[in-house]
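Derivation of every value follows stated rules applied to the coordinates shown; laboratory data play no part. Since we're looking at a predicted model, the values are computed, not measured. Please note: Cβ atoms are built from the backbone with ideal geometry, for glycine as well, and neighbour counts cover all protein chains shown.
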Amino acid sequence: MAQKRALITGITGQDGSYLAEFLLTKNYKVFGLTRRTSTPNYERIKHIEDKIELIPGDLLDQQSITSAVAYSKPDEIYNLAAQSFVATSWSQPVLTGEFTALGVTRVLEAVRQIKPQAKFYQASSSEMFGMVRENPQNESTPFHPRSPYGVAKVYGHWIAINYRESYNLFIVSGILFNHESPRRGLEFVTRKISHTVAKIHLKQADRIVLGNLDAKRDWGFAGDYVKAMWLMLQQDGPDDYVIATGQNHSVADFVEEAFGVIGVKNWKKYIHVSKQLFRPAEVDFLIGDSSKARKVLGWRPTVGFTQLVRMMVENDIKLLRANSK
């Protein structure tokens, strides 16, 4: 049997790095699309860099995407690249639309023209639900996005469905709820918490500045969620799936859990709430119903909330210790 080939956009990100690792264990030939930047950020994939092939390309540039698909001849394409930080989407709404919305169309166009038999995964997001109409949220819950990022993700989701129905392509969307890991970027609230708690533990910081402590999210482990992406493309037909743990916790819960890892009970004295960090339109409550994925894909999350927070804090303590030597 011929070795399967996969192209991952956003391979240098959290999900891309976990997915590349996972596909290598399945004996895939893995290609990754990477943007040329003045300072390449290969930190998350440096341990597997010799096992994958990186192709220069940019979601803003149609020709580079088309060339990447033609060169890699993928059996599976995972479109994970996006301007993925919600807060930035207010300060850079047009760029967010170009990357996170129109970028999807560019990749789909390349697939349609060059490799229509390839299976395609689109990274959709729970942020599409926004001002939620029902709890928990499933595949048929209406969207009401509350950020330029959420709006762009809705476009990406619907253009993927449109291409699936118009051109009879194998296209799936994974509506993933928040998923974190030690590889999460420092700008995300979960990693900001774990990293600063680690600094407080090592006497390198004395407080955390946060926004809305009451916002509630359904947090899972990124390593679990990339397996769901792969499982979607192994099915007989394309469909969309919500991937979530079905449990939600507030930002305050995450903080409390993180301080618990370093044995601090009175965590409130380390917190400074800044109104500047509140979103213009908040998404207050997200909790996902992944029963379809559990039934059809046989997918289950393996890492619980407490374990996830511990993993992140302990890893940040280790990183900070190594960097201070």
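Just to be sure I follow the definition: excluding the sites themselves, where is the longest run in the chain that has none of the GluC sites (Glu not before Pro) in a DSSP loop with at most 12 other Cβ atoms within 10 Å? That gives 188-325 as the longest site-free run.
Mean-square fluctuations from a GNM of the chain, with a 10 angstrom spring cutoff on Cα atoms, peak among 111, 151, 273 at 273. Under a Gaussian network description of the chain, with springs only between Cα atoms under 10 Å, the residue in 13, 174, 237 that fluctuates furthest is 237. Which residue, 196, 100, 302, tops the fluctuation ranking in a GNM of the chain built on C-alpha contacts under 10 Å? It is 302.
Loop-resident trypsin sites (Lys or Arg not before Pro) (DSSP state other than H, G, I, E or B) in the stretch 41-87 with no more than 16 further Cβ atoms inside 10 Å of their Cβ: 46.
Relative to the current alpha-carbon distance between residue 318 and residue 265, full extension at 0.36 nm per residue lengthens the span by 16.9 nm. Its alpha carbons considered, the stretch 139-256 gives a radius of gyration followed by a Dmax of 17.6, 58 Å. Across every direction, the projection of the convex hull enclosing the Cα atoms of the stretch 78-185 has a mean area of 7.2 nm². The translational diffusion coefficient of the stretch 1-82, from Stokes-Einstein at 4 °C and 1.567 mPa s with a Kirkwood hydrodynamic radius over alpha carbon pairs, comes to 103 µm²/s. For the chain, a simple Cβ point-charge model (Lys and Arg +1, Asp and Glu -1, everything else neutral) yields a dipole of about 800 debye relative to the Cα centre. Residue-wise HN-Hα couplings along the stretch 208-213, as the Karplus relation 6.51 cos²θ - 1.76 cosθ + 1.60 with θ = phi - 60° gives them from phi, are 10, 9, 10, x, 6, 6 Hz; Gly and Pro carry x.
In this calculation the C-beta distance from residue 284 to residue 1 is compared with R0 = 45 Å, giving a FRET efficiency of 0.40. Among the trypsin sites (Lys or Arg not before Pro) in the stretch 204-240, those placed in a DSSP loop whose Cβ has at most 12 other Cβ atoms within 10 Å are 207. Spin-label model, residue 70/residue 98: points 7 Å from Cα along the beta carbon direction are separated by 2.3 nm.
Over all projection directions, the Cα-based convex hull of the stretch 119-166 averages an area of 3.5 nm².
When restricted to Cα atoms, the stretch 262-325 yields an Rg and a Dmax of 17.9, 49 Å, respectively.
Within straight-line reach of residue 318, meaning a Cα separation under 23 Å, sit the following lysines at least 8 residues removed in sequence or on another chain: 46, 192, 199, 203, 265. Restricting the stretch 259-316 to trypsin sites (Lys or Arg not before Pro) that sit in a DSSP loop and have at most 11 other Cβ atoms within 10 Å of their own Cβ leaves 265. The magnitude of the dipole of the stretch 185-240, with charges of +1 and -1 set on the Cβ of Lys/Arg and Asp/Glu and taken from the Cα centre, is near 580 debye.
Computed from phi, the 3J(HN,Hα) profile of the stretch 249-257 under the Karplus parametrisation 6.51, -1.76, 1.60 (θ = phi - 60°) reads 9, 7, 4, 4, 4, 4, 4, 4, 4 Hz, with x in place of Gly and Pro. Could you tell me whether the stretch 64-107 comes out rounded, prolate or oblate from its Cα gyration tensor? Rule is a ≥ b ≥ c as square roots of the eigenvalues, rounded for a/c under 1.5, then prolate if a/b exceeds b/c, otherwise oblate. Cα axes put the stretch 64-107 in the prolate bin. Globularity index of the chain is 0.98 (Cα radius of gyration / 2.2 N^0.38 Å, N = number of residues). Between the stretch 252-325 and the stretch 69-86, the alpha-carbon centres lie 27 Å apart.
For residue 210, the amide hydrogen comes within under 5 Å of the amide hydrogens of 272, 273, 274, counting only partners 5 or more places away or on other chains and with H modelled in the peptide plane. With the convex hull of the Cα atoms taken as the outline of the stretch 222-313, the averaged projected area works out to 7.8 nm². Considering only 285, 233, 266, and ranking their Cα positions along the charge dipole of the stretch 231-297 that arises from unit charges at the beta-carbon of Lys, Arg, Asp and Glu, the one farthest toward the positive end is 266. Below 19 Å, Cα to Cα, which aspartates and glutamates can residue 4 reach? Residues fewer than 8 away in the same chain don't count. Of all the aspartates and glutamates, those that pass the test against residue 4 - Cα under 19 Å, at least 8 places apart if same chain - are 21, 49, 50, 53, 75, 76, 236. Pairs of Cα atoms nearer than 8 Å and 6+ residues apart set the relative contact order; for the stretch 115-220 it is 27 percent.
Close amide H partners of residue 288, meaning residues 5 or more places away or on another chain with modelled amide H under 5 Å apart, are 137, 245, 246, 247.
Counting every other Cβ atom within 10 Å of each residue's Cβ, 210, 59, 19, 102 order from fewest to most as 102, 210, 59, 19.
Among 131, 1, a tally of other beta-carbon atoms within 10 Å of each Cβ gives an order, fewest to most, of 1, 131.
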